[in-house]
Amino acid sequence: AQSVAQPEDQVNVAEGNPLTVKCTYSVSGNPYLFWYVQYPNRGLQFLLKYITGDNLVKGSYGFEAEFNKSQTSFHLKKPSALVSDSALYFCAVSSSSGTYKYIFGTGTRLKVLA
Amino acid sequence: GAGVSQSPSNKVTEKGKDVELRCDPISGHTALYWYRQSLGQGLEFLIYFQGNSAPDKSGLPSDRFSAERTGGSVSTLTIQRTQQEDSAVYLCASSLDAGDGETQYFGPGTRLLVL
């Protein structure tokens, strides 16, 4: 069965510092990995995805993520956090096993402190 | 261009009443999904439509939940005889096609409160 784990409910980081939001996954078949961000009372906004190719994926708002097959991880990173990055972040996975629905992690709340 | 839209944005209803939630996908997107976001439950898949194919209903939590998609565009999620545990945010998403790795674009959601 497919699953996604976001081990941290909340991550606090000072503005200007690098940030990492962790995600690990378990799928049968090739994984397709996604990061979304959710601001209060808003829907999910797509940040980036990994399908194939280069393990380092760059996305919106300066975010990037690194696919690590051996560690089954897809951590979200940003070199310098902004207060406006404070939001709820979701990792999701689908796979080449033929189902198109996303399986989501439980979300990580990122708090960037000024 | 226009994104996924959902209506109403908020819905308060009494236990036992039926509710209908509407989703307008991005124009030209053939695949449409419904998810539910509950406190303590995260985001869970409900149902998926692709073109004229039979929908994947595997995520619907009970037979009180149903959905249809008319003309391959607008979708309606219906919850009959609502219960308090149905209170959640219902999110709709669409993608250009159905396929592994396709990006899903989400609407703002309908916040449902069952009293």
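The values are calculated or read from the model by the stated rules, or taken from the named source; none is laboratory data. Everything quoted here is computed from the prediction, not taken from an experiment. Note that we place each Cβ from the backbone using ideal geometry, even for glycine, and neighbour counts take in every protein chain shown. What goes into the accessible areas is simple: the full protein's heavy atoms, side chains included, and nothing from ligands, DNA or RNA. Shrake-Rupley method; radii C 1.70, N 1.55, O 1.52, S 1.80 Å.
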Computed accessible area, B:ARG81, all protein chains, 1.4 angstrom probe, square angstrom | 110 Å²
How large, in percent, is the carbon and sulfur part of the accessible surface of the protein assembly as shown at a probe radius of 1.4 Å?
-> 47 percent
Exposure rank, largest accessible area first [B:LEU39, B:LEU113, A:LEU33; 1.4 Å] = B:LEU39, B:LEU113, A:LEU33
Within-14-Å neighbourhood charge of A:ASP9 [Cβ basis; K, R +1; D, E -1] = +2
Excluding residues fewer than 8 places away in the same chain, name every one of the lysines whose C-alpha is closer than 29 Å to that of B:LYS11.
-> A:LYS101, B:LYS57
By the Cα gyration tensor axes a ≥ b ≥ c (a/c under 1.5 gives rounded; else a/b larger than b/c gives prolate, otherwise oblate), the shape of segment B:6-115 is prolate
Roughly how many debye, to the nearest 20, is the charge dipole of segment B:1-101 about its Cα centre, given +1 on each Lys and Arg Cβ, -1 on each Asp and Glu Cβ, and no other charges?
-> 240 debye
Along segment B:23-33, what does the Karplus equation 6.51 cos²θ - 1.76 cosθ + 1.60 (θ = phi - 60°) give for ³J(HN,Hα), rounded to whole Hz, x for Gly and Pro?
-> 9, 10, x, 5, 4, x, 7, 9, 10, 9, 10
Which of B:SER58, B:SER95, B:SER87 moves the most in a Gaussian network model of chain B with Cα springs under 10 Å?
-> B:SER58
Just in segment A:1-108: which trypsin sites (Lys or Arg not before Pro) are loop by DSSP and have at most 15 other Cβ atoms within 10 Å?
-> A:ARG42, A:LYS69
Which whole number gives the average count of other chain Cβ atoms within 10 Å of the Cβ atoms across peptide B:90-100?
-> 3
Across peptide B:42-54, what mean number of C-beta atoms from other chains lies inside 10 Å of a residue's C-beta?
-> 3
Please calculate how many Å² of accessible area chain B carries per residue, with a 1.4 Å probe and no DNA, RNA or ligand atoms counted.
-> 47 Å²
Chain B, relative contact order [Cα under 8 Å, separation at least 6], % = 38 percent
How many partner chain Cβ atoms sit within 10 Å of a residue's Cβ in peptide A:41-48, on average, as a whole number?
-> 5
Formal net charge of residues neighbouring B:THR110 (Cβ-Cβ distance under 9 Å; K, R +1; D, E -1) | +3
Using the beta-carbon distance between A:ARG42 and A:SER70 and R0 = 25 Å, what value does 1/(1 + (r/R0)^6) give for FRET efficiency, to the nearest 0.05?
-> 0.10
Under the Karplus relation 6.51 cos²θ - 1.76 cosθ + 1.60, θ = phi - 60°, what is the ordered set of whole-Hz ³J(HN,Hα) values for segment A:106-113, x standing for Gly and Pro?
-> 7, x, 10, 8, 9, 10, 9, 9
Under 5 Å between amide H atoms, partner at least 5 residues away or on a different chain: which partners does A:GLU8 have, H built in plane at 1.01 Å?
-> A:LYS22
Compute the relative contact order of segment B:52-113 as a whole-number percentage, counting only Cα pairs closer than 8 Å that sit 6 or more residues apart in sequence.
-> 25 percent
When B and A pair up, the total accessible heavy-atom area removed from solvent (1.4 Å probe), in Å² to nearest 100, is 1700 Å²
